[in-house]
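To start, the structure under review is shown below, and the notes come after it.
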Amino acid sequence: MDKKCDVVIIGSGLAGLYAALRLDGSLKVVVLTKDRKEESNSYLAQGGIAVTLDKENDSRKLHFHDTLRAGAGACNLCALRILVNEAEKNITILQRMGVDFDRENGRLSLATEGGHSRARIVHAGGDATGKGIMETLFKNARQRPNIEIKEYSFCLDFLLKNSRCIGAAALEENGLTNYYARSVVLAAGGIGMVYGVTTNSFTITGDAVAMAARAGAEIAGMEFVQFHPTVFHNKEQRRFLISEAVRGEGAVLRNINGERFMPRYDERQELAPRDVVSRAITREMKRTGAEHVFLDLTHLNSEHIFKRFPHISAKCREYGLDLSRDMIPVSPAQHYLMGGVKTDTWGRTSVPGLYACGEAACTGVHGANRLASNSLLEALVFAGRVARAINDSIEGIEAVAAGGETGRKAGHCQAKRCDVSEEKKSIQAAMRQYAGIIRDREGLQRCLAELAKTEKSLQGKSCLNKEFMECLNMLTVARLVVRQAMQRPKSIGAHYLSEGRGDFEDELVDNR
């Protein structure tokens, strides 16, 4: 089946939906999402959005330098200036759409998080910012007759004609549908399930990066994988994170023996950037022989904590923990990808007609390590710029006619099922063991060897269904992470190699 529209957007998270809402109302827009529209990392986001609003105590310059420092100096400076300069206007747009950010004494409430030198994080519903924003945007989208959100539409590959992206092929309930469009926006999120133990939605299997790589798009920064340091420790794969804002409110980290350890590792203590805290926790767990550490809030005002973090408090209660008296067991888990499909500052990729924004894109704004609460901000700022670029250029793009394209064809669609659960587990185990928080060159080589075994196993099961394609996408992304990690011989930010290092604590002192 063939369908036509002006713009097809892949992904229903903040970047994809905000781009749709910022496009001209005269354009026919189709948003494709592989599961329910609410199933996205954006919906799960707790912390908030970083923005300079307190002009007396904060500045865009300070936000710029905090981001640059967290990113180990590797940020794209042009993109970073755009991020901090356009933050406030996008928050204003969200408010006009109806997003109700938390207030205190009549003003937007501003919180502190790790790596930020000032309180500048706006939030909604305490620790349910993503949910609050996304529900408001869905409400806006329902009122826009030009926007169609198509659920359970799993994109397989892009359609290309004369090297230009002219649409996407999607596997749906009734078979395969080719969506033809004058512009295509990729906003399908990160790579969480490539590692398995993650804060991400279970739907996040690296599809965006894998699709773009197959289409010949430039992929960059894949070695920079962020692990959130404070994720509730249990035996489940998809775990819930304990927001950075909890440490911003004064929570401290203690090892299994009850000893506070962050002051030994970094002068910023619990408010050091995520890569620093994750490595410190990893070392402390290894030193004490434990599987986790503790996050301690018991010394804080319990009434304030329950009000400020209602979602986290409720989730902890499900596991029998009372935050007024119990410490939270935490350990790092995969959280965010700084790399992705390389774009310019208008979201244009190296493939004509294809744009990317959100976690799927690599604008370079995060450098080697993302600063807390800059992810939703990046999604807003650059999704808005993608929409502006399309609005300004789409009139000059002819409507595409079917035929002559490369990509999936309806005749390729196979109904047979194949079990790839073991292959998925193999990819995840290899990535956690060899391409995680602390890496070494020998381990990365072993990881490639393990991935080669998985590829051989997959070759005997080839079929065109969602499970197989997800596994293929995970394998593609895993190799990109490992190979780009091997191409970077020195540690920087979230890419940390253990060889040639002195004492871990000395390394952290050098970064102060």
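Taking a straight line from the alpha carbon of Lys425, these lysines sit under 25 Å away, with near neighbours fewer than eight places off in the same chain left out: Lys34, Lys235, Lys286, Lys416, Lys453, Lys456, Lys461, Lys466.
Taking R0 as 22 Å, what FRET efficiency do you get between Asp440 and Gln487 from their Cβ-Cβ distance, rounded to the nearest 0.05?
Working: r = 15 Å, r/R0 = 0.68.
That gives a FRET efficiency of 0.90.
Sorted from longest to shortest, the spans of the Cα atoms of the range 165-233 along the three principal axes equal 43, 30, 16 Å. When only the Cβ of Lys, Arg, Asp and Glu is charged (+1, +1, -1, -1), the dipole of the chain relative to its Cα centre reaches about 720 debye. Restricting attention to the chain, close to 60% of DSSP beta bridges with both partner residues there are antiparallel. Kindly provide the pair-distance distribution of the chain built from C-alpha pairs, with 10 Å bins from 0 and whole-percent values in order of increasing distance. Histogramming the chain at 10 Å steps yields 4, 20, 31, 27, 14, 4, 0 percent.
Taking the centroid of alpha carbons for each part, the range 336-354 and the range 259-325 are 35 Å apart. Among rounded, prolate and oblate, which fits the range 105-240 when a ≥ b ≥ c are the square roots of the eigenvalues of its C-alpha gyration tensor, a/c under 1.5 means rounded, and a/b larger than b/c means prolate? Prolate shape, in that a/c is at least 1.5 and a/b is the bigger ratio. Ordered by 1.4 Å accessible area with all protein chains kept, Glu291, Glu88 run largest first as Glu291, Glu88. Computed extension length for Arg260-Ser498: 83.3 nm, one decimal, from 0.36 nm per residue of separation with the Cα-Cα distance subtracted.
The accessible-area ordering, largest first, of the residues Tyr195, Tyr43 stands as Tyr43, Tyr195, per a 1.4 angstrom probe. In the chain, the calculated helix contribution to ellipticity at 222 nm averages -11000 deg cm²/dmol per residue, counting -39,500 (n - 2.57) for every DSSP H run with n ≥ 4. For the range 245-378, the ratio of Cα radius of gyration to the globular rule of thumb 2.2 N^0.38 Å stands at 1.29. Seen through its C-alpha gyration tensor, with square-root eigenvalues sorted a ≥ b ≥ c, the range 1-103 comes out prolate because a/c lies at 1.5 or above while a/b is bigger than b/c.
Do any trypsin sites (Lys or Arg not before Pro) in the range 55-102 lie in a DSSP loop with no more than 11 other beta carbon atoms within 10 Å, and if so, which?
Numbers: sites: Lys55, Arg60, Lys61, Arg69, Arg81, Lys89, Arg96; in loops: Lys55.
Taking the range 55-102 and a limit of 11 other Cβ atoms within 10 Å, the loop trypsin sites (Lys or Arg not before Pro) found are Lys55.
If R0 equals 51 Å, the separation of the Cβ atoms of Ser59 and Ser421 corresponds to a calculated FRET efficiency of about 0.50. For the pair Ser26 and Arg317, a Förster radius of 51 Å applied to the C-beta separation gives a FRET efficiency near 0.55, rounded to the nearest 0.05.
Relative to the longest principal axis of the Cα atoms of the chain, helix 129-142 runs at roughly 20 degrees. Here each label is just a point 7 Å from Cα along the line to Cβ, and for Thr92 and Ala429 those points are 5.5 nm apart.
Highest mean packing first, where packing is the average number of other Cβ atoms within 10 Å per residue, the peptides 280-288, 376-384 line up as 376-384, 280-288. By the gyration tensor of its Cα atoms, with a ≥ b ≥ c the square roots of the eigenvalues, what is the shape of the range 347-386: rounded for a/c under 1.5, prolate for a/b over b/c, or oblate? Since a/c reaches 1.5 but b/c is at least a/b, the shape of the range 347-386 is classed as oblate.
For the pair Arg325 and Gln143, the difference between a 0.36 nm per residue extended length and the Cα-Cα distance amounts to 60.9 nm.
The values are calculated or read from the model by the stated rules, or taken from the named source; none is laboratory data. All figures in this text were calculated on a predicted structure; none of them were measured in a lab. Positions of Cβ are generated from backbone atoms using ideal geometry, with glycine treated the same way; all protein chains shown enter the neighbour counts. Side chains included, ligands, DNA and RNA excluded: accessible areas come from the protein's heavy atoms. Shrake-Rupley method; radii C 1.70, N 1.55, O 1.52, S 1.80 Å.
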